[in-house]
1. Restricting to region 38-52, name every residue that is surrounded by fewer than 21 Cβ atoms within 10 Å (Cβ to Cβ) and either touching a residue at least 12 places away in the same chain (Cβ under 8 Å) or within 17 Å of the chain's Cα centre (by Cα) (or both).
2. Every residue in region 133-151 that is surrounded by 11 or more Cβ atoms within 10 Å (Cβ to Cβ) and closer than 16 Å to Asp190 by Cβ, please.
3. When you go through Thr118, Thr99 one by one, which is the residue that is at pLDDT 95 or above and surrounded by 15 or more Cβ atoms within 10 Å (Cβ to Cβ)?
4. Enumerate the pairs (first residue in region 205-220 and under 9 Å from Val55 (Cβ atoms); second residue anywhere and aromatic (Phe, Trp, Tyr) and modelled with pLDDT of 95 or more) with beta-carbon separation below 6 Å, excluding pairs fewer than 6 apart on the same chain, so at least 6 apart or on different chains.
5. Here is a check on your reading of the model: is Lys26 touching a residue at least 12 places away in the same chain (Cβ under 8 Å), farther than 26 Å from Phe165 by Cα and either touching a Cys at 6+ places or on another chain (Cβ under 7 Å) or of a type outside the set (Val, Ile, Thr) (or both)?
6. Anything in region 67-90 that is in contact with a strand residue (DSSP E or B) (Cβ under 6 Å, 6 or more places away or on another chain) and either over 24 Å from Leu201 (Cα atoms) or among the hydroxyl-bearing types (Ser, Thr, Tyr) (or both)? List them, or say none.
7. Could you check region 152-226 for strands (runs of 3 or more DSSP E) lying wholly inside it with 2 or more residues that are loosely packed, with under 15 Cβ neighbours inside 10 Å?
8. Being in contact with a helix residue (DSSP H, G or I) (Cβ under 9 Å, 6 or more places away or on another chain), over 20 Å from Leu201 (Cβ atoms) and of a type in the set (S, T, N, Q) narrows it down to one of Thr60, Thr53, so name that one.
Amino acid sequence: MWDFIEGEVLAFDKPLHWTSFDLVAKIRYALCKKLGRKKLKVGHSGTLDPLATGVVVVCTGKKTKLIDKLQYDVKEYEATLQLGATTPSYDLEQPVDATYPTAHITRQLIDETIPLFTGEQWQTPPAYSAVWVNGKRAYELARKGEEVELKPKLLVIDEIEVLAFDAETMQLTIRVVCSKGTYIRALARDIGEKLGSGAHLIALRRTRVGEIDVKKCYTIDQFLNELNNYEYVQNE
């Protein structure tokens with residue numbers, strides 16, 4: 001049975017609009033209450049944006065030492081892009097700031113373009129991201145209207161494929177398997193630029209981290225229900 005102090009590695013399906021910190025805080029509060037402790041180490045591996053859902057790995061107790069290692073696990077996503085428009089954040093956090101023609105977009109063009117993003121890629125992170133810039137998070141500066149310049153980073157996209165394309169709505173859904181540090185919002189931006197149509201992310205779900213599939217993850221309600229039935233016996 002669980003031993004949260006010695007340490008557990010738990011996998012959750014993060015709800016929409018929650019930050020990864022919200023998830024960790026909820027779990028820490030519930031565990032401390034159940035265990036009768038004021039403090040307990042709880043951390044997560046791999047941040048997910050509030051507008052994304054899916055796998056977040058949470059470590060407790062002594063197993064928080066594994067977080068740095070777990071960060072490097074390969075991740076899989078399903079992402080839906082809206083072609084023909086961009087936003088400053090490359091997703092729905094910010095309103096559309098520009099629109100572009102899409103009459104030239106065909107399934108053939110998409111099928112020719114998407115494979116170009118396989119392999120090593122230099123990617124510039126979004127200004128609205130948690131990257132540190134002079135002691136502050138980039139998104140803090142961006143939300144104040146300050147100019148944010150970020151350096152491109154080398155990453156690897158192992159697999160990328162088209163799952164669906166709706167020519168009427170100009171919505172494109174892709175599956176991506178990638179390395180640590182890949183911003184799917186930035187990938188949406190880059191795909192839009194390559195297609196000559198602009199693009200932004202309208203839905204994102206992390207479906208796998210390493211060997212952990214989202215289908216095997218706890219929802220927060222499932223975990224809290226199981227925790228409610230968990231009998232903690234304190235070692236003397």
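The values are calculated or read from the model by the stated rules, or taken from the named source; none is laboratory data. Because the structure is a prediction, the values reported are computed rather than measured. Positions of Cβ are backbone-derived with ideal geometry, glycine not excepted, and every protein chain shown enters the neighbour counts.
1. Across region 38-52, the qualifying residues are Leu40, Lys41, Gly43, Gly46, Thr47, Pro50, Leu51.
2. Applying the first criterion (surrounded by 11 or more Cβ atoms within 10 Å (Cβ to Cβ)) to region 133-151 yields 133, 136-143, 146, 148, 150.
If the condition is that a residue be surrounded by 11 or more Cβ atoms within 10 Å (Cβ to Cβ) and closer than 16 Å to Asp190 by Cβ, then Leu150 is the only one that fits.
3. Working: Thr99 fails: surrounded by 15 or more Cβ atoms within 10 Å (Cβ to Cβ).
The conditions single out Thr118.
4. Short answer, once both residue conditions are applied: Arg206/Tyr77; Cys217/Phe12.
5. yes
6. Ile67, Leu70, Tyr77, Thr80, Thr86, Thr87, Tyr90, listed by residue number.
7. 153-166
8. Every option except Thr60 fails the conditions.
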